[in-house]
Structures are given as structure tokens and as C-alpha cells.
1. Out of all DSSP beta bridges in the chain, what portion is antiparallel? Express it as a percent rounded to 5.
2. Rounded if a/c is under 1.5, else prolate if a/b beats b/c, else oblate: with a ≥ b ≥ c from the C-alpha gyration tensor eigenvalues square-rooted, which is region 58-197?
3. If you take the beta carbon distance between ASP171 and ARG465 as r and set R0 to 41 Å, what does 1/(1 + (r/R0)^6) give as a FRET efficiency, to the nearest 0.05?
4. Which value at 222 nm does the chain reach when only helices count, each DSSP H run of 4 or more adding -39,500 (n - 2.57), with the total divided by all residues and rounded to the nearest 500 deg cm²/dmol?
5. Quick one: which of 402-414, 12-24 comes out on top by average Cβ neighbours within 10 Å, and what's the full order, highest first?
6. In whole Å, what are the extents of region 320-430 along the principal axes defined by its C-alpha atoms, from largest to smallest?
7. For a distance above 29 Å, tell me the whole-number percent of Cα pairs in the chain that qualify.
8. Using only C-alpha positions, report the orientation-averaged shadow area of the convex hull of region 272-380, nm², one decimal.
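Computed from the coordinates by the stated procedures, all read-outs in this text should not be read as laboratory data. These numbers come from a predicted model, not from an experiment. Positions of Cβ are generated from backbone atoms using ideal geometry, with glycine treated the same way; all protein chains shown enter the neighbour counts.
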Amino acid sequence: MLDAVVVGAGPNGLTAAVELARRGFSVALFEARDTVGGGARTEELTLPGFHHDPCSAAHPLGINSPAFRALPLERYGLEWLNADLPMAHPFLDGSAAVLSRSVAETAASFGPRDAGTYRRLVAPFLPKWDTLARDFMSLPLTALPRDPVTLARFGLVGLPPSSRLIRRFRDERARTLFAGLVGHVMAPLSGFATSAVGLVFALAAHARGWPVARGGSQSISDALAAYLEDLGGSIHTDYEVKRLDDLPPARAYVFDTSPTALGRIAGFGNYYEGYRYGPGVFKIDYALDGPVPWTAKEARAAGTVQIGADSAEIGTALRAVSREGRAPDRPFMITVQPSVVDPTRAPAGKHVFWAYGHVPSGWTGDLTDAMERQLERFAPGFRDRVIARATAGPAELAARNANYVGGDIASGAVSGLQILLRPKLTPFPYATPHPAVFICSSATPPGPGVHGMSGHNAAKAVWRRLRQQG
Ligand SMILES: Cc1cc2nc3c(=O)[nH]c(=O)nc-3n(C[C@H](O)[C@H](O)[C@H](O)COP(=O)(O)OP(=O)(O)OC[C@H]3O[C@@H](n4cnc5c(N)ncnc54)[C@H](O)[C@@H]3O)c2cc1C
């Protein structure tokens, strides 16, 4: 009998398996697709020699993850590559606000009236970032906070809606950049705890940047998988689990799946009925015959570039999707340009470019034209650089990965209390009605992103249970 069986080889499933294996437990991992990776993978989606990330590309949460930082992933080939600027937010006048590694450079890009406000906002947290990140990402109750005072202070700033945080700034530049940061999790700006989202992304940029992984996001997953196998764990791909009976006997089962799928597989009836899924995304991977011709020079030097003319335009786009159930005319977009720092991603002189915009759950339209019109406003001539494109709307995303229900890349709405307490209102989110079954996907705290912390936290709950059993 195995100690633990993990279902799903996304970053959380892989991390949970590694954490258990390195504590001496016997582990087997089962994955539906023919390769490991889930939302952290790389494929030649367009043309030979162009290595695209169909899902995650920028990794502020990965490089800052307490779980990843404790693992020897560099030994297994993971190398983080930071562009000169973690992120730029260009404006129609050809200038840009930036998130730089330097607080001073970031503050200066917001203009004189907001520079001091920004410095005062991040100053209490930045020196304590590593402890804060660990405390915040281990909530609700997997560990006692190491610095409860800083965590409480962070709560006071982070728990109110981001619309309130954004009002601290007097000019549009900082407001727009922050509205964009909140847009990364598809939450409305008026949502509970959305200030924390913006703040975490900003602090992560100052602490370690927003890198890409050399060779593509697949190298994060491959490093975790290689380490797992070195620890004696086994990996079985092309193995979709439909019932608990499909799995070998084990003392614990850990699911890196959506709560809905787990409920079906384990026969939990309506246990997860109240769990809500959020909007979807429309993703485009481009092969380009040169770099993106951004008007703003800062955007040319950035790993990630947010697209939205001002905070009102971003708010309108997010509202259209989450409240009005329609695709926006001018989508808010997140774009990443990995080949600016990683020449291995495309043939010499060519580039890969990654972009997505938000659409309603299950939306079946084509957002390509709206996204490219939006890009042309900030990078005139963009379309002329396109050699090939691969598009994926909600249906394609969900078909490739069952966790992205209706195209929701966060595996569950990041809004209301569900932003912190997911998949149920309980202090034990990784436990389920069955004492031997656990859930570790991004439907559990700390939520979406490639950071492995849900897997790490769930593994902790599992090894405590296994040790109690002796
Ligand atoms: C387009 C897109 C862009 C993104 N951009 C970023 C980004 O830039 N930065 C970032 O940090 N995050 C990003 N994300 C989010 C990130 O990819 C996810 O939050 C993360 O991968 C979640 O990890 P996970 O392990 O919980 O689940 P997943 O990575 O989704 O992995 C789940 C795995 O379980 C497998 N599985 C599911 N059901 C079964 C079953 N029944 N049997 C066997 N296997 C099963 C799936 O095939 C999959 O491999 C993006 C996601 C998408 C789709």
C-alpha cells in the first residue's frame, strides 16, 4: 500500500508529491495528459522553433514562493530570467508607468504627486516581505504567523477593495497600473481584499522580479517532476482518473483537480455545490518576426506589459465580463514577451509573444480582432510582425485542462470571501468529507498562480494525518 497518491501534475500536485516524498513517504502521481505541467507547460504551438507557454508565463509568485525556494529546483534545470523591468503599463501618449525592481524608479514613473504615496504604501512591508509572503500564503490555519503584527497591518491595507487603495493616488498613472494588477485575478476593483492582490504583485516585483523560466514554464514542472523521481516517486501520464477505484490502494489521496471534479470522482454529492467559477480568458500565442513595436520604450524592456488605456477603461472591461456577461470592446490585456530575455524561445531575430484578455465563462466568440486593435493602439504596426498565431478560448482551455472550468484559469472565482476562503468556508480547506482524501489545487488557498503553495499546505495536512496514524 502506498502512503500517498496524487491526482494531477500541475504545479500544486507536483509540489504536494515532492513534499511528501522528501519526508520519506511513498508517492505515485497520476496525470490525465501525456506530459506533466498542468498550467505550467511549454509547447511549439505555432511553428517549429517557437516555444510558447499556453498557460503561465510570468512568475512573480513562483520566484517568491516559500515552497519553491526551499526545493533544489535549480539543480534540476530551473533558471529564472528577469527582464530589465518586471512590468510596464504603457499609455496612449507614448509614456509608461512601470513596476521596477527599484521602489524609487517605480514611484518616479507615477509622477511627483503620487511618488511619496507609493513609497509610503510599500515601505512597511518590503523589508519583511519573505516572512509576510510565507504567512500570507499559508493562511488560513496551516501555520501560525511568524510575524502576526505585519500580517495584521497588511490585512488593514489589503482587505478593503482596491477601488479604495486606488483612490489614495491622485493621478491616473498609478491608478491605472494598480487597476491592471487587480485585473490579473479577474476580480472587480470593488471586490473584497483586492487591494492585497495589487500589493502582493508590487511587493513581489521589488523583492525578486517577475521572471520567466529559461526555456519556458515547462522547465518549472520538469524540475519538480525530476526531483520527485529522484526521491523515488513514480509518475503515470495519460491516466485520467474518473473514480477513486481507478487508483491503487493508498493511505491518502491528494487531488490537484477542481472541487467539482473531485466531488464527482469521490462521490461527495453536493458538498462543493456552493463553489463558484469565474470568467474565462481568450489566449493568443504569437510567433513574431521581430520584437513588439511598442511606442513606449519602457514596454520594450519589460517582461510583462499590461494593456488598458486608463483605470476607467480597465474597470469597464472587467465589469463587462464579470457583471454584464459580454466580451469587452476594448479588453484589458496581460501580455508577456519571454524572448526579450530568453533567446532559446524563438529562432534568431524572431520572438514569441503571449497575450490574453478576459471573456465571460464559456464564451464561444473570437476575441482576436478586439485584442489586436487594442495592441495596435500601443504598438502600431504590431499586426505586420505576426507570422503565426494560436488562439484558445474557454472551450479549448477547458478541453486541455479540466481544472479550467468554463475557461476560468483561476479554477474558481477570485471574488467575495472565495478570494481567501476556498473551496469552502472552513479553517481546513485541504480536507474533504473523506478522511483519506485531500484537495490541493488552486481552488484552495492561497489561490491561483504557479507557486506550489496550495500543494505545500495540503501536503502538510496529509503528513500530519499520516503521522497520527503511525
Ligand atoms: C492562459 C493562462 C495564463 C496564466 N498565466 C499565469 C501566469 O503568467 N503566472 C502564473 O503564476 N499563473 C498563471 N496562470 C495560472 C496558473 O497556470 C494556475 O493557477 C496553476 O497552474 C494552478 O496549478 P494547479 O496545480 O492547481 O493546477 P493545474 O496547473 O491546472 O494542473 C492540474 C492538473 O491536473 C490534471 N487533472 C485534472 N483532472 C484530472 C483527472 N481527473 N485525472 C488526472 N489528471 C487530472 C490536469 O490535466 C492538470 O495537469 C495562467 C493560466 C492560464 C490557463
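1. So the antiparallel bridges amount to about 65 percent of the total.
2. Oblate, since a/c reaches 1.5 and b/c is not below a/b.
3. 0.20
4. That calculation yields -10000 deg cm²/dmol at 222 nm.
5. Sorting 402-414, 12-24 by mean packing, highest first, produces 12-24, 402-414.
6. Over region 320-430, Cα extents along the principal axes are 52, 33, 25 Å.
7. Pairs farther apart than 29 Å: 44 percent.
8. 8.4
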